[in-house]
1. Is it the case that some residue within the range 75-94 is under 21 Å from residue 18 (Cβ atoms) and surrounded by 17 or more Cβ atoms within 10 Å (Cβ to Cβ)?
2. Name the residue, out of 52, 31, that is modelled with pLDDT of 95 or more, touching an Asp or Glu at 6+ places or on another chain (Cβ under 9 Å) and open to solvent by less than 90 Å² (accessible area, probe 1.4 Å).
3. Of the residues that sit in the range 95-122 and are among the small types (Gly, Ala, Ser) and either modelled with pLDDT of 90 or more or assigned to a helix (DSSP H, G or I) (or both), which one is least open to solvent (accessible area, probe 1.4 Å)?
4. Looking at 116, 73, 86, which is the one that is touching a Gly at 6+ places or on another chain (Cβ under 7 Å) and over 16 Å from residue 25 (Cα atoms)?
5. Given the structure, is residue 47 open to solvent by 100 Å² or more (accessible area, probe 1.4 Å), modelled with pLDDT of 90 or more and within 19 Å of residue 81 (Cα to Cα)?
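The values are calculated or read from the model by the stated rules, or taken from the named source; none is laboratory data. Because the structure is a prediction, the values reported are computed rather than measured. Neighbour counts are summed over all protein chains in view; Cβ atoms, including those assigned to glycine, are modelled from backbone coordinates with ideal geometry. Surface accessibility is based on the protein's heavy atoms, side chains included, excluding ligands, DNA and RNA. Shrake-Rupley method; radii C 1.70, N 1.55, O 1.52, S 1.80 Å.
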Amino acid sequence: MNKASDKAIMKDVDQRGLFPGALEMMILRTLKRQRLHGYALAQHIKRTSNDLLQVEEGSLYPALQRMLKDGWVKAEWGISATNRRVRVYEITASGSKRLDTEVTHFERMLEGITRVLAAEAL
């Protein structure tokens, strides 16, 4: 694929959205590596996906609030590299367990999809 077709695909994905739980799984996985504030989380996902995934604020912060409420992450106030007050998020033990569960479900779903795509036409 080239950059133009990648952008066309991602525009299509943006219109349909990610599968349920995908954003939470990416956030938890990122936070398992390091504590981050919201903007840094979004930038990490974008950078790590080679700019294929862009998490908008309107999706990120509500997801983080749900995850705080569910006890999967905790947060504290800190200061960013640009000297701004930011909320820094960290995964909890409950969040690590949830991540393991989500990854297992995702891998099973991906295996099923891969089997269907690889199947010979009837």
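1. Scanning the range 75-94 turns up at least one residue that is under 21 Å from residue 18 (Cβ atoms) and surrounded by 17 or more Cβ atoms within 10 Å (Cβ to Cβ).
2. 31
3. Only one residue tops the list, namely 95.
4. 86
5. yes
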